[in-house]
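Report on one structure; see the data block that follows.
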Amino acid sequence: MKKISKEDLLRKSRIPGINAIKMHKFYKGKIQILPRCQIRDYSDFAIWYSPGVSAPSNEIFNDVQKVYDYTNKWNSIAIVSDGTRVLGLGDIGPEAALPVMEGKSMLFKYLGGVDAIPLCISKDQCCEAKQIIEFVKMIQPTFGGINLEDIEKPKCFSVLDGLRTDPEVKIPVWHDDQQGTACVVLAGLINSLRIVGKKKDDVKIVFNGVGAANFGIYRLLKADGFNLKKFLFVDSRGILYQGRSDLEDSKDYKYELVGFSNPEQLQGDCGSAMEGADILISSSIPGPNVIKKEWISKMADDAIIFVLANPIPEIFPWDALEAGARIVGTGRSDFPNQVNNSLCFPGVFRGTLDVCAKTITDEMCIAASYALANLVNEIKGCLIETCILPTMEYEELFIREAVVTGLKAIEQGIARFRLSEDELYSTAKKIIENSHSELKILMKKGLIPEFNDYTK
């Protein structure tokens, strides 16, 4: 792998931001609302609005499930954020978070055909987990699902768990920073373990950073059958172990981790934790040199390294490889093995909405992970160290994820609609292809004007 200096990487990473300022001002945002029905002439408003609209409203009043037949609830979700933990920016507030949520909405629409509406809420009026939970419960009549985004820890854990277990919540709720990242990391680990010939029961895993991403990853690996006794967690104060003075409060989310991990009660820094480890999953602070080469050199043979900080990973991939790692994944698209949750959330929600599932279970996420992992061999014909995940350019992956997610929801008895595998495939394919076609038509007609003032 060609080495790139930190300065060159930082310079390169600034270019998208320069263009983003120009293009956001030029387009005044990234999303808009367009009708999905035909309007032949002004007389059609009597059908789509008053007086005709009272007929479907009465139908829904008599049978609330018909809202999925007569409205866009079946294909719409809300992206809910208070802007307290925006990736790479931190607590910037709801207004500043809105461009990020609009971008998420655009990805949902283009990659998954999902109509996603950003709802950035005031952290002053809705600052506690229970208030966000109540907000989501109040808006659920409008939406077919909820995507939680960029909410600070530990609040994000309480919000997700509270909504997933509340019997009054009848629609699926997903936290992309936890579940989306976890899905893609699991897919990358599935293929990495296939390459190195190790089993998930046997591998020692070090989690560097105990935020939303790594907490979500741990939970999904647990659900998939990894050996929890071989997990070690490291935060800014070092390895988590029983008896550490700051981990004695049972209400602290980290308290859950010390109950099963690190049975040998090791103490020390991340380097100590990594000795003899098979896998490092680091979701911490931007590097380089957060993870040291000498730490990697003391890991087990055929070590797997996922360093996910942006814009600079905790260690440069070439340094990790020189230190003895066999497989390295990062969060960057210009390095091999980008671990990006954009590979997951559009397809998972597509399948969830197509069967009108009541929730998104761990089993649905795991099914999506294996579908994502299995595609690599199908696309490339073999697995290699520099290609453990497909890229989002392979549009089939979102359709495949939608199919397995929908089938798993049906199998678990949480789907309102029962579709066959062929029906799920054709539905997802048509919706996603239509989304692409609609955008291309708007661009071709000049209704979305061309922007030419790029910085290169």
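Here, each number is a calculation from the coordinates, and none is a lab measurement. Since this is a predicted model, take the numbers as computed values, not measurements. Cβ placement follows ideal geometry from the backbone for every residue including glycine, while neighbour counts extend to all protein chains displayed.
So here's what we get for this one:
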{"quantity": "Cα-based helix-to-principal-axis angle, 396-411 vs the chain, degrees rounded to 10", "calculated": "80"}
{"quantity": "P(r) histogram, all alpha-carbon pairs of segment 1-66 included - 5 Å bins from 0, percent", "calculated": "4, 11, 10, 10, 9, 9, 7, 7, 7, 7, 6, 7, 6, 0"}
{"quantity": "Stokes-Einstein D (µm²/s) once Rh is taken as the Kirkwood radius of segment 52-171 over alpha-carbon pairs, at 25 °C in 0.890 mPa s", "calculated": "161"}
{"quantity": "Per residue, the convex hull volume that the Cα atoms of segment 375-420 enclose (Å³)", "calculated": "96"}
{"quantity": "Neighbour-count order for Met443, Met106, Met392, Met101, fewest beta carbons within 10 angstrom listed first", "calculated": "Met443, Met106, Met392, Met101"}
{"quantity": "Between helix 362-380 and the chain: long-axis angle, C-alpha atoms, 0 to 90°, nearest 10", "calculated": "80"}
{"quantity": "Virtual spin-label span in nm between Thr455 and Ala46, 7 Å along Cα→Cβ", "calculated": "5.6"}
{"quantity": "Per-residue Cβ neighbour rank within 10 angstrom, fewest leading, Ile366, Ile388", "calculated": "Ile366, Ile388"}
{"quantity": "Mean separation of Cα contacts under 8 Å, 6 or more apart, over the residue count of the chain: relative contact order %", "calculated": "14"}
{"quantity": "Neighbour-count order for Asp319, Asp354, fewest beta carbons within 10 angstrom listed first", "calculated": "Asp319, Asp354"}
{"quantity": "Beta bridge orientation in the chain: antiparallel %, DSSP, nearest 5", "calculated": "15"}
{"quantity": "0 to 90° range, to nearest 10: angle between helix 93-112 axis and the chain longest Cα axis", "calculated": "80"}
